[in-house]
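Asks: My questions will all concern the structure given below.
The values are calculated or read from the model by the stated rules, or taken from the named source; none is laboratory data. If you're wondering where the values come from, they're calculated on a predicted model, not measured in any experiment. Glycine gets a Cβ as well: all are built from the backbone with ideal geometry, and neighbour counts include every protein chain shown.
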């Protein structure tokens, strides 16, 4: 929640504090109580605005999601039309002129789960070996399996 110091300008706050320190001073239509009421109304409007902005953000997110779903269907339709238009040259030319915007990247399940639940990685004994693994010769594989079977 926003504090009074962020909501009201500093000079206005100083002026209100100065006037509050003078309880016996009154001006027409201006007293401490009426100024406190005005500050309370400003706070109410600010809270109302924050709620409306939160609702607006939720609606904007829903709109973006619906737009993305429609764009995804459009990409599928374009792919189907390209295949369908292979036999019709005129249609193929028309389909070739269509250019849809790219889809936004959606976070994958593994990316979201790694953020919410920290994964435990086993300790590494040394630096990771680089390159391709060594080929095992056919005889090593055959005799290695036979030796394992005999010892078991």
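Asks: So is residue 8 under 40 Å from the mean Cα position of the chain (by Cα) and within 30 Å of residue 103 (Cα to Cα) or not?
Replies: Numbers: under 40 Å from the mean Cα position of the chain (by Cα): yes; within 30 Å of residue 103 (Cα to Cα): no.
So residue 8 does not fit the description; no.
Asks: Does residue 91 satisfy the condition of being in contact with a helix residue (DSSP H, G or I) (Cβ under 7 Å, 6 or more places away or on another chain), surrounded by 10 or more Cβ atoms within 10 Å (Cβ to Cβ), assigned to a loop (DSSP other than H, G, I, E, B) and at pLDDT 70 or above? Step through it out loud before you land on a result.
Replies: Numbers: in contact with a helix residue (DSSP H, G or I) (Cβ under 7 Å, 6 or more places away or on another chain): yes; surrounded by 10 or more Cβ atoms within 10 Å (Cβ to Cβ): yes; assigned to a loop (DSSP other than H, G, I, E, B): no; at pLDDT 70 or above: yes.
No, not satisfied.
Asks: Moving on to the next point. Quick one: would you say residue 69 is assigned to a helix (DSSP H, G or I) and under 23 Å from the mean Cα position of the chain (by Cα)? Show your work before the answer.
Replies: Values: assigned to a helix (DSSP H, G or I): yes; under 23 Å from the mean Cα position of the chain (by Cα): yes.
Taking the combined requirement at face value, the residue satisfies it.
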